[in-house]
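Just below is one structure, and these are the notes that go with it.
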Amino acid sequence: MDYYLSVATFGALNVILALGLNLISGFCGQVSLGHAAFYGLGAYAAALCSVAGLPFPVAVVAGMLVAGIFGIVVGIAALRVREDFLAIVTMGVGFLFLGVVRKQQWLGAEMGIAKIPSPLDKWGYALLAIGAAVALVLLSLHVRRSWMGRAFGAVAQDEDAARSIGIDVAGYKIAAFFIGTAAAGLAGGIYAHMTQIIVPDAFNFIQSITILAMVVIGGIGSTLGVVAGAVLLTLMPEMFRFINDYKLLVYGTLLLAVMRFSPEGVAGLVRRLARTAQARGGRRPA
Amino acid sequence: MMLEGNRLSIAFGGVRAVTDVTLRVERGELVGLIGPNGAGKTTLLRLLTGVLVPDAGSVAFEARDVTRTSIHRRAQMGFVLTHQIVRPFRDMSLLENVMVAAAANLTRRPWRALVAVEAQPARARARSLLERLGIADAADKPAHSVPLGYLKRMQVARALALGPRLLLLDEPLAGLNYSEATRLADLIVELNAGGITIVLVEHNLSEVTRIARRLVVLHNGAVLAEGAPREVMTRKDVRDAYLGNEPAVGAAHA
Ligand SMILES: Nc1ncnc2c1ncn2[C@@H]1O[C@H](COP(=O)(O)OP(=O)(O)OP(=O)(O)O)[C@@H](O)[C@H]1O
Ligand SMILES: [Mg+2]
């Protein structure tokens, strides 16, 4: 039972991470190759708060805010650089984060932070993570329907045209980065308390690519597709242990395969299948 | 004074695209801005709307200095540009393209936009604008799938959805056939009569001279002539400017 609970919890955390990135990349069209850094920021900030004796909810919210505030900073950087360069900048943010935590004694350096107080049991974390994931699914679906979502779409498709119809492109990019990275911070806070120990490597480049793979494989821009992608990539390494050793290779290959054969990911595949099924059904004599 | 571009200059590398150009537009005017290819018309419009920041000179809109005001702020103020090269949101339908502009009051601030879901008023307004432009038949087609003439008119609809007081149109008639062009030109006159001040860049000289009450001729990045269409078009220097760039006359443009 414990095993399934922990897989479910990680699955929910991955859903939160992937949906956060999907908001930035899928909705607003901004590349990010360093999403794990915000996961880490949330984890470290929340862990430090709890170790310092602050209550659990305060620690988790602090993790969200710290990640979100750094997200705003990266969002502001995103205003200054072209799209292809943003990939490099966000990747750099990821490495910078790792470089800093690895060297700082007060962050535990390579050893990370241990003995983080844990106020909940396994069920508690599972329910909390799943609840947060559901909330994020609902938020994503809402954003898509709202005028924020439509404005994100305009920014993603043509920034200059968006500006010329009065859309504050900078403001929307920053908003996307804030929401997306705060979500990652939330996942980080839950993760830190659940495992009670965090090390820098949990938030490395491979983790960033894994989150990106969930988004792309699920179908960038599609909320439910991304949820499917996150669940799939949570279960895969559980079922095929060897994947753990070759994550970058396996996910990299999957990423390329999806971009080549089904750019809209699982979501696009399902849509296509549904359409073919419908067409077949339609042709059948009544 | 609706718009005042004061001694504007900009150079790209060695190319002096616009040099010391002053353009004044009174409230309610319909000004035609013409000139051969590469004269600097698009560059001047970009300087006026803030897409480009001038090397020298200033821009005032309704007597407020907007030289450093961002494009989106100017658009929100009612000072709107349509691009010569069409810039649709490619994956949105024509209707959705216009809707985003029609909801400008809701999208002005991201956090306000997050709590706004009501789309019906914007949809209705967008549809009526598409009808006005004569392209409602393609309302639900994605922008990447419709011909240039539709996109050109969609851009005008999208600009109108913002409720502009000053509209700068960069070759809106390009890509339209004869009757479509006449119809859009008539609509431009109608919009102007309805209170929108308009600056129109056009290569379709017969339509500009027909509808504009004042022409400004740009040549090599400077103002060559300005005045009533009939007088300007008969001037020898204006004719020479066009003849020196023969392919420009009546050339089709995207
Ligand atoms: N971004 C740019 N970089 C370099 N040169 C530019 C740029 N934009 C315009 N130019 C140059 O400035 C000059 C004026 O160009 P502009 O597009 O304003 O002319 P135009 O009058 O609009 O021409 P057309 O009738 O062909 O649209 C041209 O020589 C053009 O090559
Ligand atoms: Mg031009």
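Is at least one residue of segment B:49-66 surrounded by fewer than 17 Cβ atoms within 10 Å (Cβ to Cβ), more than 14 Å from chain A (Cβ to nearest Cβ), within 11 Å of ligand 2 (Cβ to nearest atom) and of a type in the set (S, T, N, Q)? Looking for residues that are surrounded by fewer than 17 Cβ atoms within 10 Å (Cβ to Cβ), more than 14 Å from chain A (Cβ to nearest Cβ), within 11 Å of ligand 2 (Cβ to nearest atom) and of a type in the set (S, T, N, Q), one finds none in segment B:49-66, hence no.
I want to confirm something. Restricting to segment B:67-79 and keeping residues that are at the interface with chain A (Cβ under 7 Å from one of its Cβ atoms) and either out of contact with any Lys or Arg (no Cβ under 6 Å at 6 or more places or on another chain) or of a type in the set (S, T, N, Q) (or both), which single residue is farthest from residue B:53 (Cα to Cα)? Steps first, please.
Kept after step one, since they are at the interface with chain A (Cβ under 7 Å from one of its Cβ atoms), are these residues of segment B:67-79: B:71-72, B:75-76.
Then keep just the ones that are either out of contact with any Lys or Arg (no Cβ under 6 Å at 6 or more places or on another chain) or of a type in the set (S, T, N, Q) (or both); that gives B:75-76.
Values: B:75: 16, B:76: 18 Å.
Out of the qualifying residues, it is B:76.
For segment A:114-122, the criterion of being in contact (Cβ under 8 Å) with a residue 60 or more places away in the chain, more than 9 Å from chain B (Cβ to nearest Cβ), touching a Cys at 6+ places or on another chain (Cβ under 7 Å) and buried (at least 21 other Cβ atoms within 10 Å of the Cβ) is met by no residue.
Yes/no matrix, rows are residues, columns are (1) more than 30 Å from residue B:83 (Cα to Cα); (2) open to solvent by less than 10 Å² (accessible area, probe 1.4 Å); (3) touching a residue at least 40 places away in the same chain (Cβ under 8 Å):
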position: A:165; (1), (2), (3): no, yes, no
position: A:168; (1), (2), (3): no, no, no
position: A:181; (1), (2), (3): yes, yes, yes
position: A:196; (1), (2), (3): yes, no, yes
position: A:206; (1), (2), (3): yes, no, yes
position: A:213; (1), (2), (3): yes, yes, yes
position: A:219; (1), (2), (3): yes, yes, yes
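In the condition set (1) buried (at least 20 other Cβ atoms within 10 Å of the Cβ); (2) within 16 Å of the chain's Cα centre (by Cα); (3) within 16 Å of ligand 2 (Cβ to nearest atom), residue B:161 is compliant with all but (3).
Within segment B:80-108, can you find the residues that are assigned to a strand (DSSP E or B) and either surrounded by fewer than 20 Cβ atoms within 10 Å (Cβ to Cβ) or more than 10 Å from chain A (Cβ to nearest Cβ) (or both)? Selection gives B:93 alone. Look at segment B:122-139: where a residue is closer than 18 Å to residue B:179 by Cα and a partner is among the charged types (D, E, K, R) and part of a helix (DSSP H, G or I), sitting 6+ places away or on another chain with Cβ atoms under 6 Å, you get B:133/B:153; B:135/B:153.
Filter segment A:68-84 for residues that are modelled with pLDDT of 85 or more and over 17 Å from the mean Cα position of the chain (by Cα); which is surrounded by the most Cβ atoms within 10 Å (Cβ to Cβ)? Top of the filtered list is A:77.
Taken over segment B:17-35, the criterion of being over 14 Å from the mean Cα position of the chain (by Cα) and within 16 Å of ligand 2 (Cβ to nearest atom) is satisfied by B:17, B:18, B:21, B:23, B:35.
Annotation: residue A:155 fulfils all but one of (1) touching a residue at least 24 places away in the same chain (Cβ under 8 Å); (2) touching a Ser or Thr at 6+ places or on another chain (Cβ under 6 Å); the unmet one is (2).
For (1) in contact with a strand residue (DSSP E or B) (Cβ under 9 Å, 6 or more places away or on another chain); (2) touching a residue at least 40 places away in the same chain (Cβ under 8 Å), each residue gets a yes or a no:
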{"residue": "A:49", "(1), (2)": "no, no"}
{"residue": "A:53", "(1), (2)": "no, no"}
{"residue": "A:57", "(1), (2)": "no, no"}
{"residue": "A:64", "(1), (2)": "no, yes"}
{"residue": "A:75", "(1), (2)": "no, yes"}
{"residue": "A:82", "(1), (2)": "no, no"}
{"residue": "A:91", "(1), (2)": "no, yes"}
{"residue": "A:98", "(1), (2)": "no, yes"}
{"residue": "A:107", "(1), (2)": "yes, yes"}
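Looking only at segment B:208-236, which residues are part of a helix (DSSP H, G or I) and open to solvent by 10 Å² or more (accessible area, probe 1.4 Å)? Passing the criteria: B:209, B:210, B:211, B:229, B:230, B:231, B:233, B:234, B:236. Do we find that residue B:149 is within 16 Å of ligand 1 (Cβ to nearest atom) and over 15 Å from residue A:164 (Cβ atoms) in this structure? No, not satisfied. Of all residues being open to solvent by 70 Å² or more (accessible area, probe 1.4 Å) and free of Cβ contacts under 8 Å to residues at least 60 places away in the same chain in segment B:24-48, which is nearest to ligand 1 (Cβ to nearest atom)? Just the residue, please. Per the stated criteria, the residue is B:46.
The values are calculated or read from the model by the stated rules, or taken from the named source; none is laboratory data. Everything numeric here is computed off the predicted structure, so don't read it as measured data. Note that each Cβ is placed from the backbone with ideal geometry, even for glycine, and that neighbours are counted across all protein chains shown. Ligands, DNA and RNA are stripped out before the accessible areas are found, and what is left, the full protein with its side chains, is counted by its heavy atoms. Shrake-Rupley method; radii C 1.70, N 1.55, O 1.52, S 1.80 Å.
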